[in-house]
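Contents: one structure, followed by commentary.
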Amino acid sequence: AQSVSQHNHHVILSEAASLELGCNYSYGGTVNLFWYVQYPGQHLQLLLKYFSGDPLVKGIKGFEAEFIKSKFSFNLRKPSVQWSDTAEYFCASDGSGNTGKLIFGQGTTLQVKP
Amino acid sequence: NAGVMQNPRHLVRRRGQEARLRCSPMKGHSHVYWYRQLPEEGLKFMVYLQKENIIDESGMPKERFSAEFPKEGPSILRIQQVVRGDSAAYFCASSPDQNYGYTFGSGTRLTVV
């Protein structure tokens, strides 16, 4: 079965520190990949997505992610985090074609200390 | 343009009661997806609907759970005879097509006591 795994369940950083959240997927075929963010009390918002082309994807709020096919990875990065980045981050994939159905990782809670 | 509206935001039910969760998609969106998030887990796909049709219900438990998206009105996720294990956050998302233009609602947090 297809799966997505996020290595870090809870990350604590100080402001201005660099961030990298790991994400690995299991599907070996064509895959679309996503990162979503959920701020406290709010709905999930799309940070960025990869369908094809340049493996380095830039998203909103200074986030980027790199698709490395050989490692089945799609790690999320930000050079300098802010307190307002405190949220839960979800990686998701769809390797089953155009059904709109996403498989989510278990999420990573990021806490940024001011 | 209002986002995806889910109500209620919080729902408390006693074991054995029925829970009805509502999702009004964004205007112009005809595709609706329901996901469930259990404590300490990621979101799990439940069902994908278009107007009056269930497209994919592979993530729905076989019993007690049903979903509909009628021609008029919101999509409804219905859980009959709730049990404590149904306690979770239920998220709805909508899109205008299958190209992952997902917009999520804020979720309904169901607590079964």
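The values are calculated or read from the model by the stated rules, or taken from the named source; none is laboratory data. Here the structure is a predicted model, which is why all the values come from computation and not from measurement. FYI the Cβ positions are ideal-geometry reconstructions off the backbone, even for glycines, and counts take in every protein chain you see. When the accessible area is computed, the model is the full protein with side chains, heavy atoms only, and any ligands, DNA or RNA have been set aside. Shrake-Rupley method; radii C 1.70, N 1.55, O 1.52, S 1.80 Å.
For segment B:42-74, name all the residues that are within 14 Å of chain A (Cβ to nearest Cβ), in contact with a strand residue (DSSP E or B) (Cβ under 7 Å, 6 or more places away or on another chain) and not aliphatic (A, V, I, L, M).
The answer is B:GLY42, B:LYS44, B:PHE45, B:TYR48, B:GLN50, B:ASP56, B:GLU57, B:GLY59, B:PHE69.
For A:SER80, state whether it is more than 13 Å from the chain's Cα centre (by Cα), touching a residue at least 60 places away in the same chain (Cβ under 8 Å) and more than 20 Å from B:GLY42 (Cβ to Cβ).
Yes: the conditions hold for A:SER80.
Do you know which residues across segment A:5-60 are closer than 27 Å to B:ALA89 by Cα and polar (S, T, N, Q)?
A:SER5, A:GLN6, A:ASN8, A:ASN24, A:SER26, A:ASN32, A:GLN38, A:GLN42, A:GLN45
Just name the residue that is most open to solvent (accessible area, probe 1.4 Å) out of those in segment B:67-80 that are within 20 Å of B:SER30 (Cβ to Cβ) and not in a loop (DSSP other than H, G, I, E, B).
Looking only at segment B:67-80, we keep the residues that are within 20 Å of B:SER30 (Cβ to Cβ), and these are B:67-77.
Now drop any that are not not in a loop (DSSP other than H, G, I, E, B), which leaves B:67-68, B:75-77.
Numbers: B:ALA67: 17, B:GLU68: 95, B:SER75: 0, B:ILE76: 21, B:LEU77: 0 Å².
Restricting to residues being within 20 Å of B:SER30 (Cβ to Cβ) and not in a loop (DSSP other than H, G, I, E, B), the top hit is B:GLU68.
Report whether or not B:GLU18 is under 23 Å from A:GLN106 (Cβ atoms) and open to solvent by 50 Å² or more (accessible area, probe 1.4 Å).
Answer is no for this residue.
Looking at segment A:70-92, which of the residues that are more than 14 Å from chain B (Cβ to nearest Cβ) and part of a strand (DSSP E or B) is most open to solvent (accessible area, probe 1.4 Å)?
Of everything passing the filter in segment A:70-92, A:ARG77 is most open to solvent (accessible area, probe 1.4 Å).
If I ask for residues that are within 17 Å of A:GLY22 (Cα to Cα) and open to solvent by 40 Å² or more (accessible area, probe 1.4 Å), which ones from segment A:48-61 would you list?
Selection gives A:LYS49, A:PRO55, A:LEU56, A:LYS58.
From (1) in contact with a Gly (Cβ under 9 Å, 6 or more places away or on another chain); (2) more than 30 Å from A:HIS10 (Cβ to Cβ), pick out the condition that doesn't hold for B:GLU41.
Of the numbered conditions (1) in contact with a Gly (Cβ under 9 Å, 6 or more places away or on another chain); (2) more than 30 Å from A:HIS10 (Cβ to Cβ), the odd one out for B:GLU41 is (2).
Within segment B:82-105, work out how many residues are modelled with pLDDT of 90 or more and either in contact with a strand residue (DSSP E or B) (Cβ under 7 Å, 6 or more places away or on another chain) or of a type in the set (Lys, Arg) (or both).
14
Quick one: count up the residues across segment B:81-96 that are within 14 Å of the chain's Cα centre (by Cα) and in a loop (DSSP other than H, G, I, E, B).
Qualifying residue count, segment B:81-96: 1.
Just checking: which of the strands (runs of 3 or more DSSP E) contained wholly in segment A:3-62 hold 2 or more residues that are within 14 Å of chain B (Cβ to nearest Cβ)?
Qualifying strands (runs of 3 or more DSSP E): A:32-38, A:44-50.
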